[in-house]
Amino acid sequence: MPGVRLFPPSLIAAVVVAVGSVAWFTSTSHFFFDDYIYFREAQREGLSLRFLTMPLNVHLSPGHRLADWFLQRFFPLDFAVAQVLLLACLAGSMLVLYRLLVRLFGPGTGAVVLTLLYGTSLVHVGVIQWWSASLQSLPSSLLGLVCILAWLAFHQTGSRPMLVLSVAALGVALLFYVKPVLLPLELILMRVLVVEPERPLRETVRAALGEWRYWLAYLAPVALYAIVYVVGYWQPSSTPTFALVVDYLRIAWVQVFVPSVIGFHVPPGDPSALVGAGVVAAQLGVIGLAMWSIARWRPAWRGWAFLGIAFLANALLVGVPRLADWGSGIAWFYRYYPETTYLLPVALGAAFLRPARAASADTSSLVHPPAPRRTIGAGLTVAVVVHLALVWTASVPISEASPGRLARGWIDNVREGLERARRDDGDIAVVDGTVPEFVVASWSVYGPPYHDRLSEVLPLVDPDLAFDRAEGDLWRVTGDGSLSPVAFAPQAGGWAPQLLNETSLRVSGGVVDVGPDGLCIRAEGSASRLELRPARPLVGPEWYLGLQYLSRDAWEPDLEVRVDRGWGFPAFADRTVSLEGSARGDKLVSLGGPPLQGIRLDLPAGSHTCLGRVEIGDLVPRVV
């Protein structure tokens, strides 16, 4: 628009306030849960087409994969850099949203206030604390807004490059997340309900149908994405009951989305009277605003209809595949609301602001009948101040509840401990085990390699770190992430050939040979079994197998370990240990707690392995 600044100072101030607020409340977080899984996959795979197209928790997300690789490769476990990238997406989304609101409703206070409302949503505080979740939602939200803005420019001016830009933004957004498949629906809803509110609904529907050729351009990338997703990534899920869907939608709208817009955080399952009163007040406030806006200007109902349909579509896309497995509690996660959050200002603008062609640059853009400018300004100022106060108050418990705060302390302790151990001992090894639930939750581990193991997380801190080595300097990671020196203390077993002579060790299957490398076993045709029984059952907190070996295979044979706890050896292995091919090595294998009456090692068919010392022992403190 002639004479109108692209981004006025008030808008820049709104962006600074919103982004600064979110930055402050998310700065204490860190990487957690899926973050370590995806970083480890990036570290292991490297940048390749195979890596970019690997399923990301059943999603197709090459953009996510690329960002994971970039951060892990150049800024490993640097949450500050990750936060800057995510906040840049938020700032960009606010700028694009403002331009969208100006095109729809004209410049003025209304567009700035609605942009600020989006930027200060509690949804962003909840999402930006979690790298994996926000990396799906924030880039796709930014690109979704670009898609909508470019379409609106095309609709208003007929510019074909804007149409191309809009479709391209949709295609790129799909590289991060599945939710942009709803963008064509959102564009059609905007065309029918928002762009020309003064025209009868029948006319806008007819006009949208007449533009079917343009809508086909948007369906092309969505259809391609859907085919690729269904063929290579989709996994069938159970169908939720109608009652479960209704309960999920109730929580999502009543207790999460609407309160978060105002700046009111509802903790999951909080039964307090104060929280209940806040939820009721939020709903009554929305109902009152809707009735007031429609009473002032009848076409305002279209904005609320746009919001309701968009919210329902977003919620169902998230909920239907997950509800039967996870329950209605998924509605509490802020990660599922960024897309609806950026559509909210558009809906409110449609309810309270005049269309752009009816607004002038020197008005507040509020719909008729207009109130005095001074009254409007005072009311908006009070509303903004109260909103910011509510948001900052509610952001504190959201920030404090993030698992990233605990993960930060744990990772910092691990990092300091490894640096100190390197200075003291040089070449070190760590006893493998599971990381705390706040680092990688057990429910997020899908199968081998088990990503909640220290051997999967700690290489992101120290890529050269060794694990489960029975000899040399050994360290154990405690619950808070600090390191303590330990040593393997054998209680049974010894040099394998000697044990064979003493009959405490038995070998069945394969060709056995005794030499300077120990007890060499060639498994031919079927697996060979080596059974070791201590003189008496072992009792104690936790036992380990210490194993010296020489593998003469070019491949990496998997050694299966079974433990007899008084009722024989189980059908399935207690542990599977990969031996390095064509190399000497030693392994420390956790056998669990008592009782322990014997162990059995199954060597795979075709393997040729020499076993030196085969010992059972525990870990004792070591003096550094």
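The values are calculated or read from the model by the stated rules, or taken from the named source; none is laboratory data. All figures in this text were calculated on a predicted structure; none of them were measured in a lab. Cβ coordinates were reconstructed from backbone atoms using ideal geometry, including for glycine residues, and neighbour counts include every protein chain displayed. The accessibility values were calculated without ligands, DNA or RNA, using every heavy atom of the protein model including side chains. Shrake-Rupley method; radii C 1.70, N 1.55, O 1.52, S 1.80 Å.
Can you name the number of the only condition in (1) among the small types (G, A, S); (2) within 42 Å of the chain's Cα centre (by Cα); (3) within 20 Å of K587 (Cα to Cα) that G540 fails?
Single failed check for G540: (3).
Could you list all residues from region 592-603 that are of a type outside the set (K, R), outside any loop (DSSP other than H, G, I, E, B) and surrounded by 15 or more Cβ atoms within 10 Å (Cβ to Cβ)? It would help to see each step written out before you state the result.
Applying the first criterion (of a type outside the set (K, R)) to region 592-603 yields 592-599, 601-603.
Cutting the leftovers down to outside any loop (DSSP other than H, G, I, E, B) gives us 592, 596, 598-599, 601-603.
L596, G598, I599, L601, D602, L603 - these are the residues of region 592-603 that are of a type outside the set (K, R), outside any loop (DSSP other than H, G, I, E, B) and surrounded by 15 or more Cβ atoms within 10 Å (Cβ to Cβ).
Tally the residues that are surrounded by 15 or more Cβ atoms within 10 Å (Cβ to Cβ) and charged (D, E, K, R), restricting the search to region 223-251.
Total satisfying the criteria: 1.
Just checking, does region 453-463 include any residue being over 23 Å from R584 (Cα atoms), open to solvent by 40 Å² or more (accessible area, probe 1.4 Å), without any contact (Cβ under 8 Å) to a residue 60 or more places away in the chain and part of a loop (DSSP other than H, G, I, E, B)?
Within region 453-463, none of the residues are over 23 Å from R584 (Cα atoms), open to solvent by 40 Å² or more (accessible area, probe 1.4 Å), without any contact (Cβ under 8 Å) to a residue 60 or more places away in the chain and part of a loop (DSSP other than H, G, I, E, B).
Scan region 68-87 and give yes if some residue there is touching a Leu at 6+ places or on another chain (Cβ under 7 Å), hydrophobic (A, V, I, L, M, F, W, C) and open to solvent by 40 Å² or more (accessible area, probe 1.4 Å), otherwise no.
Within region 68-87 (the criterion being touching a Leu at 6+ places or on another chain (Cβ under 7 Å), hydrophobic (A, V, I, L, M, F, W, C) and open to solvent by 40 Å² or more (accessible area, probe 1.4 Å)), the answer is yes, since at least one residue qualifies.
Report yes if S504 is touching a residue at least 60 places away in the same chain (Cβ under 8 Å) and out of contact with any strand residue (DSSP E or B) (no Cβ under 6 Å at 6 or more places or on another chain), otherwise no. Write out each step before concluding.
Working: touching a residue at least 60 places away in the same chain (Cβ under 8 Å): no; out of contact with any strand residue (DSSP E or B) (no Cβ under 6 Å at 6 or more places or on another chain): yes.
When the stated conditions are applied, S504 does not pass them.
On the phi < 0 side of the Ramachandran plot, modelled with pLDDT under 90 and crowded, with 20+ Cβ neighbours inside 10 Å: which single residue out of A331, A359 fits that description?
Values: A331 fails: modelled with pLDDT under 90.
The match here is A359.
Residues of region 157-208 being among the hydroxyl-bearing types (S, T, Y), open to solvent by less than 60 Å² (accessible area, probe 1.4 Å), more than 20 Å from E339 (Cα to Cα) and in a helix (DSSP H, G or I), which ones?
Our first condition is that a residue be among the hydroxyl-bearing types (S, T, Y); within region 157-208, this holds for 157, 159, 166, 177, 204.
From what's left, open to solvent by less than 60 Å² (accessible area, probe 1.4 Å): 159, 166, 177, 204.
Filter again for more than 20 Å from E339 (Cα to Cα), leaving 159, 204.
Hit for region 157-208 is T204, nothing else.
Is there any pair linking a residue in region 325-354 that is assigned to a helix (DSSP H, G or I) to one that is basic (K, R), with Cβ under 6 Å and at least six apart or on different chains, and which?
I330/R322; E339/K179; A350/R302
Give just the number: which of (1) open to solvent by 60 Å² or more (accessible area, probe 1.4 Å); (2) not in a helix (DSSP H, G or I) does R50 not satisfy?
Of the numbered conditions (1) open to solvent by 60 Å² or more (accessible area, probe 1.4 Å); (2) not in a helix (DSSP H, G or I), the odd one out for R50 is (2).
Go through L135, L77, L87 for me and flag whichever is outside any helix (DSSP H, G or I) and more than 30 Å from W212 (Cβ to Cβ). Show your work before the answer.
Working: L135 fails: outside any helix (DSSP H, G or I); L87 fails: outside any helix (DSSP H, G or I).
After applying the criteria, what remains is L77.
Tell me whether region 494-511 contains one or more residues that are open to solvent by 40 Å² or more (accessible area, probe 1.4 Å), under 20 Å from D602 (Cβ atoms) and within 46 Å of the chain's Cα centre (by Cα).
Within region 494-511, not a single residue is open to solvent by 40 Å² or more (accessible area, probe 1.4 Å), under 20 Å from D602 (Cβ atoms) and within 46 Å of the chain's Cα centre (by Cα).
Give V589, V577, V561 a once-over and let me know the one that is modelled with pLDDT under 90 and crowded, with 17+ Cβ neighbours inside 10 Å. Can you show your working first?
Details: V589 fails: modelled with pLDDT under 90; V561 fails: modelled with pLDDT under 90.
From the options V589, V577, V561, the qualifying one is V577.
Restricting attention to region 109-129, does a residue exist that is open to solvent by 10 Å² or more (accessible area, probe 1.4 Å) and at positive phi?
The answer is no, given that none of the residues of region 109-129 is open to solvent by 10 Å² or more (accessible area, probe 1.4 Å) and at positive phi.
Please determine, by comparing only the residues of region 18-47 that are part of a helix (DSSP H, G or I) and in contact with a Phe, Trp or Tyr (Cβ under 6 Å, 6 or more places away or on another chain), which one is surrounded by the most Cβ atoms within 10 Å (Cβ to Cβ). Don't jump to the end; show me each part of the working.
Step one: filter region 18-47 for residues part of a helix (DSSP H, G or I), giving 18-26, 34-45.
Narrowing further to those that are in contact with a Phe, Trp or Tyr (Cβ under 6 Å, 6 or more places away or on another chain): 35, 42, 45.
Details: D35: 26, A42: 23, E45: 14.
Filtering region 18-47 for residues that are part of a helix (DSSP H, G or I) and in contact with a Phe, Trp or Tyr (Cβ under 6 Å, 6 or more places away or on another chain), the one surrounded by the most Cβ atoms within 10 Å (Cβ to Cβ) comes out as D35.
Could you grab the pairs with beta carbons closer than 6 Å, sequence gap of 6+ or different chains, first residue in region 198-213 and free of Cβ contacts under 8 Å to residues at least 60 places away in the same chain, second one of a type in the set (D, E)?
Close Cβ pairs satisfying both conditions: T204/E196.
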